[in-house]
Structures are given as C-alpha cells and as structure tokens.
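Trainee: Dumping the structure here so I can ask a few things about it.
Bear in mind that the values in this text are calculations on the coordinates, not laboratory data. Here the structure is a predicted model, which means the values were calculated and not measured. Here the Cβ positions follow ideal geometry from the backbone for every residue, glycine too, while neighbour counts run over all protein chains shown.
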Amino acid sequence: MKIPILLLFFNRKDSIIQLIESLQAIKPTRIYLACDGARNSEELLIVDDLRQLVLDKINWDCKVETRFLNKNLGCKLAVHSAVQWFFNNVDQGIVLEDDCIPSSAFFDYVEYMLSAYRDDNRVATIAGRRDVCDFGLGNIAFSSKFFCWGWASWSDRVLNNDIEFGYQKSFPAKCLSNLSYCEKQHVKGIHNMMINRIVNSWAYSYDLIFREKSQLHIIPPYNYIHNVGIGVGTHTKTGRVTDIESRNSFSKDSIRIGSEPKRDAAYMDKYFKSKYSFLKTLLFPYIGFLKVIIKKF
C-alpha cells in the first residue's frame, strides 16, 4: 500500500506490536514513527528498547522516517507536533495511535475515500471507527464530531491547526451552530474541561477547529478499528466507552458518494444519546467546574 501511515506510540509494547503485525499483510511502503520522550530515567530504557523493537518489526521493504523525542511533551503537544510533522511531509495519509488496530478493510476504505473527497474541503477527515452499529449500517455518514481512533486526511485540512484553540475562554459561537441539544451540551462540556485544564487533549482542539471551519468527518459504513487500549490508555478508562467488533471487508460498489456532504443529524443524535444519559447531558457543560470543585474537597 502506498498511502503513508503515521504510527504514534510511547511505552505500550503489546499494542504497538499488535499494530505493526496488522500492517504486515498490506506492507505499506512509507511509515512515519513518532514517539514521545521518556518522563524519567527509569522509563528511558523502556522507551528506547521499544523504539528499537518497533524498527526491527518493520521487516518488509518500507521507507521509515522517525521522530523520537528526547523530552517528554505529553499527549497534547507530542501528538499534535507529530501530526504536523507528518502532514508537512505528505499530501495525504493515515494516522494510527498504538491502541487502534485496523482491520484489513480499513485501508481499502480509506484509499477510496481519500480519492473521492480529495478536492472537497468540506470534508476534514475520514474516520475508521463507527460507534453506532445498530443504525444506518452499510452507508457512510457525515459527522460534525472528529473521531481520532484511526483516521486519515489531507495536508491542506490539517496543517497549521492551532493546538491552543479551545483552551482560551473565548469560544466561537459558530462551533455550536446547527447542532442538536445533546451535541451542543457535549461541545460546551469539552470546552469547559479545556479552559479549566482538566484535559490535555490535542483531539479536542482539532475537533473545535474543524467545527469552526464547518468541516465534516466521514463515518465508515461499518466499524474498521478495534481499540485494544480501552481501560489501559492514558485518556480512556473502562466504563466510559465500549469496544465493538471490526469488519474485514469493504466494497466500494456499495458506497454512495453524494455530491453534498451534510451533517447526518439522525446518526449524530443516535451517537450522543448512546453515550450520554439525560443527567450527564444536562450536567456535561459544567463538568470542568464540577471537577475543579471536587478536587478542593
């Protein structure tokens, strides 16, 4: 496969090795490796050994570029700077974090969508994850929410994103336009967590940037990403999300490419209602304030 792939990893051996092994079947010709720096001297040996192991595991004919940091930047800055580095070197590409294991169909799907929407700036990214699998299966959907568990994009959609966007108290009203009540509550909540420094997230900044630009994200007809890091990852805890089975086949003949990308209100409503109870929806805009108050007691 000729589409460049960025692999993001840090210190989790099992998941990144599983990810590399999933790539052996398609043998990508260009891989970019990005790894944050160790947080302390004890972690340094673990990180260095894992970097070498990953390099050794890529044992097919492939051009490999590395961005191995000496200093630990943390999730927000390390991932953002790696994504910017990647898209400064490629016109289009796939981004996979170490706990996101793609099915074989993911790559056929992404390749097709990258070509189909290459010149349509209304589309920001192509997601590999589909969380709602009891509604609209077999058809793509357009989401106003950015999903970072295995995604692809083009350099002109991603470069120069401001990682501090959303961490300031000012908030563009455009980010809330044409949204359902549930989604508005979600967006207000993530912004509240950002300004209260409850989260250190690159993905929330990107989500708000794409919203401010009125750009959409393609949701696949089926789920193509299996997350092996649920309950293990830095920001993903057991009980907050559930994993779903990924599909191993993709047929472009079954995909209807519409001329007018438009937010799929029905899909988004189904998604947010599956993730948020009534009480959580009601309180989520204030979650940052609530967590600050709880910490004081």
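Trainee: Identify all aspartates and glutamates with a Cα-Cα distance to LYS280 below 19 Å; exclude those on the same chain that are fewer than 8 residues away in sequence.
Mentor: ASP131, GLU183, ASP269
Trainee: By how many nm would the segment from GLU164 to ILE195 grow when fully extended, if each residue of separation counts as 0.36 nm and the alpha-carbon distance is taken off?
Mentor: Full extension from GLU164 to ILE195 adds 10.2 nm.
Trainee: Further, regarding this structure: Would you mind finding the longest exposed-site-free stretch of the chain, with exposed GluC sites (Glu not before Pro) meaning DSSP loop and at most 14 other Cβ atoms within 10 Å?
Mentor: Formally, the longest exposed-site-free interval is 1-163.
Trainee: For LEU283 paired with ASN59, estimate the spin-label separation in nm (one decimal), with each label point 7 Å from Cα along the Cα-to-Cβ line.
Mentor: With each label point 7 Å from Cα toward Cβ, the separation is 5.2 nm.
Trainee: Summing -39500 (n - 2.57) over the DSSP H runs of n ≥ 4 in the chain and dividing by its residue number, what mean residue ellipticity at 222 nm do you reach, to the nearest 500 deg cm²/dmol?
Mentor: -11500 deg cm²/dmol
Trainee: Using R₀ = 22 Å, calculate the FRET efficiency as 1/(1 + (r/R₀)^6) where r is the Cβ-Cβ separation of ARG256 and ASN121; round to 0.05.
Mentor: Efficiency computed from Cβ-Cβ geometry: 0.60.
Trainee: Still on this structure, I have one more. For the chain, give the share of DSSP beta bridges that are antiparallel, in percent and rounded to the nearest 5; count only bridges with both residues there.
Mentor: 40
Trainee: Based on the Cβ-Cβ distance from GLN84 to ASP269, what FRET efficiency comes out when R0 is 35 Å, to the nearest 0.05? Could the numbers behind the result be given before it?
Mentor: Details: r = 33 Å, r/R0 = 0.95.
Calculated transfer efficiency: 0.60.
Trainee: Once you've got the GNM for the chain with C-alpha springs shorter than 10 Å, pick whichever of ASP207, ASP131, ASP253 has the biggest mean-square fluctuation.
Mentor: ASP253
Trainee: In nm, to one decimal, how far is the LYS291 label point from the ALA25 one, both placed 7 Å along Cα→Cβ?
Mentor: Inter-label distance under the simple model: 3.7 nm.
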